[in-house]
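All remarks here apply to the structure that follows.
Throughout, read-outs are computed from the coordinates displayed, never taken from laboratory work. Predicted, not measured: the structure shown is a model, and the values here were computed from it. Positions of Cβ are backbone-derived with ideal geometry, glycine not excepted, and every protein chain shown enters the neighbour counts.
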Amino acid sequence: MATERYNPRASEPKWQKAWDDEKLFETQNDDPRPKYYVLEMFPYPSGRIHMGHVRNYAMGDVVARWRRAMGYNVLHPMGWDAFGLPAENAARDNKVNPRDWTYANIETMKGQLKTMGLSLDWAREIATCDPSYYRHEQKMFLDFWRAGLVERKSAKVNWDPEDMTVLANEQVIDGRGWRSGALVEQRDLTQWFFKITSMSQELLDSLDTLDKWPEKVRIMQSNWIGRSEGMLVRWKLAKESAPEGETELEVYTTRPDTIFGASFMAVAADHPLARKAAETNPALAKFIDEVHRMGTSAATLETAEKKGFDTGIRVVHPFDESWTLPVYVANFVLMDYGTGAIFGCPSGDQRDLDFANKYGLPVVPVVMPEGADAKTFQIIDEAYVDDGVMINSRFLDGMTPKQAFDEVAMRLSGVTVGNRPQAERKVQFRLRDWLISRQRYWGCPIPVVHCDDCGSVPTPDKDLPVLLPTEVSFDKPGNPLDHHPTWKHVDCPNCGKPARRDTDTMDTFVDSSWYFARFTDPWNEQSPTTPKYADGPQGWLPVNQYIGGIEHAILHLLYSRFFARAMQVTGHLNEVKEPFEGMFTQGMVVHETYKGPKGWVQPAEVKVEETDGKRRATLLATGEEIEIGSIEKMSKSKKNVVDPDDIIASYGADTARWFMLSDSPPERDVIWTEAGVEGAHRFVQRVWRLISETSAELSGIAPQAASDGEAGALSKAAHKALKAVGEDIGRLGFNKAVARIYELVNAMQAPFAAVAAGKASPELRSAAREAVDILIVMIAPMMPHLAEESWAALGGEGFVANRRWPDFDPALVVDSEITYPVQVNGKKRGDLTIARDADQGAVEKAALALDFVQKALEGKSPRKVIVVPQRIVNVVV
RNA sequence: GCGGACGUGGCGGAACUGGUAGACGCAAGGGACUUAAAAUCCCUCGGGCUUGCCCGUCCGGGUUCGAUCCCCGGCGUCCGCACCA
């Protein structure tokens with residue numbers, strides 16, 4: 001019988017329309033089935049979707065469709081992270097309005113996503129640039145403020161000179177802006193901050209509860225929060241050297257045990273004591289200026305030489321009134337960590353040692369390795385930082401550093417300096433507050449009015465949302481809202497006098513820190529009252545499975561964790577603290593690069609062939625041979641991008657999805673190859689052939705599993721696959737599920753040939769019908785269009801998308817006979833096939849009777865026989 | 001420097017809790033069908049030789065009846081953080 005090839009171009013739009021018409025994927029909040037919320041990180045509407053999106057959404061869709069088949073009420077929404085600088089750049093360069101540009105991109109990308117056949121609830125679509133979205137964000141900002149979670153303060157902030165805006169610490173990568181790549185400068189500015197540090201300990205502790213998160217992400221967050229336990233120690237200034245009015249220097253240390261190894265103090269250039277001393281010391285003032293000039297960017301800090309300047313001030317050692325130490329200003333001490341001042345112990349810290357050696361300061365070893373000789377142990381140019389025994393430390397000698405720490409803490413907390421203890425234990429975090437002000441137009445306006453008399457005044461709830469002006473100019477560099485002729489001029493909501501709006505907008509990471517909650521109830525419009533999102537057992541939150549790139553391991557995931565807590569404080573959430581129960585970080589899509597004489601060349605313009613075991617690339621246009629470069633993330637600069645539209649147009653969405661899920665484990669990078677896509681497409685056609693060639697024979701047949709013979713073998717293969725694929729998808733092991741489906745189709749080949757030829761027994765036809773039903777349900781999460789088309793070809797009723805995932809038959813996934821590998825001295829020498837329920841003794845007896853075992857025994861009895869039931873037999877001779 | 005992950009055929013990768021290493025796919029080679037091509041189907045595919053045996057999961061040791069998996073010591077690759085006191 002001649003069969004037609006499967007035509008995705010006809011089939012896919014047809015099924016997409018049918019699903020849409022039926023509103024199949026629109027989710028009801030009051031559906032009684034158990035809830036399951038699966039979410040992929042929503043895209044920025046940059047213009048077109050790329051292969052990374054295809055991979056991300058293909059995975060999410062498998063989870064969503066599978067959970068649906070498992071009987072859950074699945075929430076699987078999509079939206080747009082729609083504020084951001086690229087819209088302003090486009091506006092500036094192409095004279096378009098950022099809003100128009102953004103919405104046009106959304107239209108395009110939505111169309112592209114629709115061609116993928118994703119089971120998304122588009123009725124819940126949101127765009128963060130829509131006032132119906134950001135009005136709630138403004139409300140939350142004000143609620144957070146009232147709850148003490150927002151602060152306006154002057155601070156040293158990261159200034160991106162190219163994007164002309166400030167950045168949060170998390171957005172500075174290797175000293176450069178995360179988006180622009182420009183070297184970041186430090187500036188003193190008054191800005192808005194979310195007080196994420198007020199939750200440092202909680203955000204750290206709660207990481208332990210996230211057992212469905214990648215370990216890697218939890219470690220990264222833990223390091224970012226950066227908790228350390230140490231002590232604040234207050235050193236008295238030696239009276240004759242102290243500047244007017246200064247009496248003490250407070251330092252933070254994690255190593256108070258090394259206090260007898262101290263040989264100098266160092267303070268940051270911005271430390272009050274340094275400033276004070278500089279007032280009467282022009283050379284010191286000059287040094288501080290130098291530090292300021294060079295020390296602005298993290299990149300220059302890295303290569304900068306360690307430098308110090310002796311202030312002439314001396315401090316008194318807390319345990320010895322007669323012992324004074326010099327105070328330096330040093331360029332490597334950070335003002336915003338600890339107290340901006342340290343004591344240097346050269347023998348126990350490499351940086352302190354380098355500094356001491358440079359300035360001729362004493363180096364006294366205070367910790368030595370266990371068993372070393374205290375009389376001869378020396379530190380020359382390598383500090384000793386490991387555990388050991390205290391030496392040269394008076395009453396601490398012989399203790400471990402840990403004991404010495406406690407001893408110092410105990411003794412110093414009993415002494416007072418002024419009216420405070422000389423030292424106290426202190427937990428310090430590396431995490432800084434989240435700076436959210438951005439000097440940009442295309443973002444959520446900060447709903448605050450600044451009044452000369454009343455200060456910063458919240459916009460009253462009744463005046464929300466504070467809308468962005470629609471007419472805006474990008475002719476001048478800098479903040480467009482600030483340049484706007486009228487927008488910022490308003491009356492103070494408090495006193496009614498002329499005042500001005502805050503002209504900054506919020507960091508776009510604020511927009512993405514709560515969108516997962518918004519999806520659960522996008523119709524919630526009760527402003528200005530507090531919108532509340534259902535969570536806990538009755539509601540959707542937390543998200544059960546979140547999927548996205550590892551690049552958000554810190555930024556977005558940490559901010560969202562903060563937000564969920566803050567929303568709970570202000571009543572926007574009831575009880576949920578962690579927004580994402582399960583997190584999965586998927587790998588990138590990478591591709592070979594091609595380099596011609598005129599630079600990088602797109603894959604579409606290249607032909608790659610293998611001859612004599614060597615791969616060569618030639619230009620399609622000219623036949624000229626070009627260089628095959630390294631495999632890298634798809635990027636415009638290397639031109640190694642493949643457009644999803646092209647792939648869907650020529651192979652169909654199912655092929656693209658199937659390929660994305662095959663081969664590579666989802667957390668690792670996947671290499672996009674033409675051959676791989678063709679392989680995936682061959683499988684699509686193969687499944688279709690299998691079904692279309694047998695559909696006439698199988699259409700009216702009732703599915704029935706068999707247990708014996710050829711039909712039984714088929715049923716067993718189908719049920720084993722059903723069990724394995726379900727387990728694999730549940731663990732997000734898509735590549736393994738794909739392999740199982742290949743195995744099943746391979747096993748179906750021969751019996752289905754018999755069915756197609758009309759030579760199958762009634763039992764085999766029934767078993768075949770069952771097997772093909774199972775196959776269709778199993779491929780449906782991954783290749784939904786092909787599944788529907790196949791189901792229709794078999795005369796099935798309704799949508800596959802509505803079918804339940806069948807239960808496997810436990811009797812069919814175990815074999816009545818087991819083939820044991822039989823080892824002699826741990827090496828496999830043959831097999832033993834025996835009844836599954838044979839007891840250990842029977843297995844041993846049968847194994848010993850095998851001729852290769854007899855031969856190995858040479859008439860003697862074995863030293864030992866190991867029988868692991870259902871596994872292996874090992875005869876030790 | 002600190003923290004983490006990984007290392008298996010020509011390639012992507014399987015291998016459960018220590019139990020047959022290489023499932024599945026890709027590439028390659030051979031054959032069938034065809035006037036021819038495409039498509040499809042069949043066979044081979046870690047290495048070696050004496051064809052039923054030896055070697056083989058980065059390298060060297062160890063534990064074990066048995067190690068890709070556990071332990072010790074190296075080598076290599078990748079990722080994150082980094083003057084954090």
Margin query: Which aspartates and glutamates, if any, have their Cα less than 12 Å from the Cα of A:K276, not counting same-chain residues under 8 positions apart?
Written below: A:E244, A:E246
Check: According to the square roots a ≥ b ≥ c of the eigenvalues of the Cα gyration tensor, what is the shape class of region A:175-326, taking rounded for a/c under 1.5, prolate for a/b larger than b/c otherwise, and oblate for the remainder?
Finding: oblate
Checklist line | Cα-Cα P(r), chain A, percent of pairs per 10 Å interval | finding: 2, 10, 15, 17, 17, 15, 12, 7, 4, 1, 0
Item checked: Percentage relative contact order, chain A, counting C-alpha pairs under 8 Å, at least six apart -> 13
Check: List the trypsin sites (Lys or Arg not before Pro) in region A:36-118 that DSSP assigns to loop (not H, G, I, E or B) and whose Cβ has at most 15 other Cβ atoms within 10 Å. Which are they?
Finding: A:R48, A:K95
Item checked: FRET E, pair A:R615, A:E743, Förster distance 35 Å, beta-carbon r, rounded to 0.05 -> 0.75
Next item on the list: Report the net charge of residues surrounding A:T128, where surrounding means a beta-carbon distance below 10 angstrom and charges are Lys +1, Arg +1, Asp -1, Glu -1.
Entry: -3
Margin query: Just to confirm the number: angle between the C-alpha axis of helix A:674-698 and the first principal axis of chain A, 0 to 90 degrees, nearest 10?
Written below: 40
Note to self: Within region A:247-263, list the residues whose amide N lies under 20 Å from a label point set 7 Å along Cα→Cβ of A:E370.
What the structure shows: A:257-258
Item checked: Neighbourhood net charge (13 Å Cβ-Cβ; Lys/Arg +1, Asp/Glu -1) for A:V738 -> -1
Checklist line | Net charge of neighbours whose Cβ lies under 13 Å from the Cβ of A:A702, counting Lys and Arg as +1 and Asp and Glu as -1 | finding: -1
Check: Pairs A:K476/A:K639; A:K139/A:K216; A:K139/A:K636; A:K212/A:K532: which exceed 31 Å Cα-Cα?
Finding: A:K476/A:K639; A:K139/A:K216; A:K139/A:K636
Check: Tell me, what HN-Hα J-couplings in whole Hz come from the Karplus equation 6.51 cos²θ - 1.76 cosθ + 1.60 at θ = phi - 60° for each residue of region A:650-662, using x for Gly and Pro?
Finding: 8, 10, x, 5, 4, 4, 4, 5, 4, 5, 4, 8, 7
Next item on the list: May I ask you to derive the FRET efficiency for A:F852 and A:S650 from their Cβ-Cβ distance with R0 = 56 Å, giving the value to the nearest 0.05?
Entry: 0.55
Note to self: Just to verify a number: FRET efficiency for A:K426 and A:K23, C-beta to C-beta distance, R0 = 60 Å, to 0.05?
What the structure shows: 0.55
Margin query: As an exercise, identify the GluC sites (Glu not before Pro) in region A:570-601 lying in DSSP coil whose Cβ has no more than 16 other Cβ atoms within 10 Å.
Written below: A:E575
Next item on the list: Sort region A:544-688 into rounded, prolate or oblate with this rule: let a ≥ b ≥ c be the square roots of the eigenvalues of the Cα gyration tensor; rounded if a/c is under 1.5, and if a/c is not under 1.5, prolate when a/b is larger than b/c, oblate otherwise.
Entry: prolate
Next item on the list: Please determine, in degrees from 0 to 90 and to the nearest 10, the orientation of helix A:131-146 with respect to the longest principal axis defined by the Cα atoms of chain A, where the helix direction is its Cα long axis.
Entry: 40
Notebook entry, point to check: Roughly how many nanometres apart are two label points built 7 Å out from the Cα toward the Cβ at A:A182 and A:K497?
Noted result: 3.6
Notebook entry, point to check: In region A:812-877, which trypsin sites (Lys or Arg not before Pro) are in a loop and have at most 15 other Cβ atoms within 10 Å, using DSSP for the loop call?
Noted result: A:R836, A:K860, A:R863, A:R871
Next item on the list: Calculate how steeply helix A:709-730 sits against the longest principal axis of the alpha-carbon atoms of chain A, using the helix alpha-carbon long axis, and give the answer as 0 to 90 degrees to the nearest 10.
Entry: 10
Next item on the list: Determine the gain in length on full extension of the stretch A:S630-A:Y337; use 0.36 nm per residue of separation and subtract their C-alpha separation, reporting nm with one decimal.
Entry: 101.3 nm
Notebook entry, point to check: Between A:D205 and A:V608, what length in nm is gained on full extension when 0.36 nm per residue of separation is reduced by their alpha carbon distance?
Noted result: 139.9 nm
Next item on the list: With an 8 Å cut-off on Cα pairs and a minimum separation of 6 or more residues, tell me the relative contact order of region A:718-861 in percent.
Entry: 17
Notebook entry, point to check: Per residue of chain A, what 222 nm ellipticity follows from adding -39500 (n - 2.57) for every DSSP H run with n ≥ 4, rounded to the nearest 500?
Noted result: -10500 deg cm²/dmol
Notebook entry, point to check: What spacing in nm lies between the two simple spin-label points modelled at A:A842 and A:A757, each 7 Å away from Cα in the Cβ direction?
Noted result: 3.8
Checklist line | Hits among lysines - C-alpha to C-alpha of A:K716 under 22 Å, sequence gap 8 or more where chains match | finding: A:K736, A:K759
Note to self: Report the Cα centroid-to-centroid distance between region A:456-515 and region A:1-72 in angstrom, as an integer.
What the structure shows: 39
Item checked: Euclidean distance between Cα centres, region A:193-240 to region A:410-447, Å -> 11
Notebook entry, point to check: How much length is gained if the chain between A:E248 and A:V385 is pulled fully straight, taking 0.36 nm per residue apart and subtracting their Cα-Cα distance, in nm to one decimal?
Noted result: 46.5 nm
Next item on the list: For region A:757-767, take each phi angle, set θ = phi - 60°, evaluate the Karplus expression 6.51 cos²θ - 1.76 cosθ + 1.60, and give the result in whole Hz per residue in order, putting x for glycine and proline.
Entry: 7, x, 9, 7, 6, x, 4, 5, 5, 5, 5
Check: Over region A:84-215, what relative contact order in percent results from Cα pairs under 8 Å that are six or more residues apart?
Finding: 17
Notebook entry, point to check: Tell me which lysines have Cα within less than 24 Å of A:K375's Cα, excluding those fewer than 8 residues away on the same chain?
Noted result: A:K402
Next item on the list: Would you mind pulling out the separation of the Cα centroids of region A:647-719 and region A:812-871, in Å?
Entry: 37
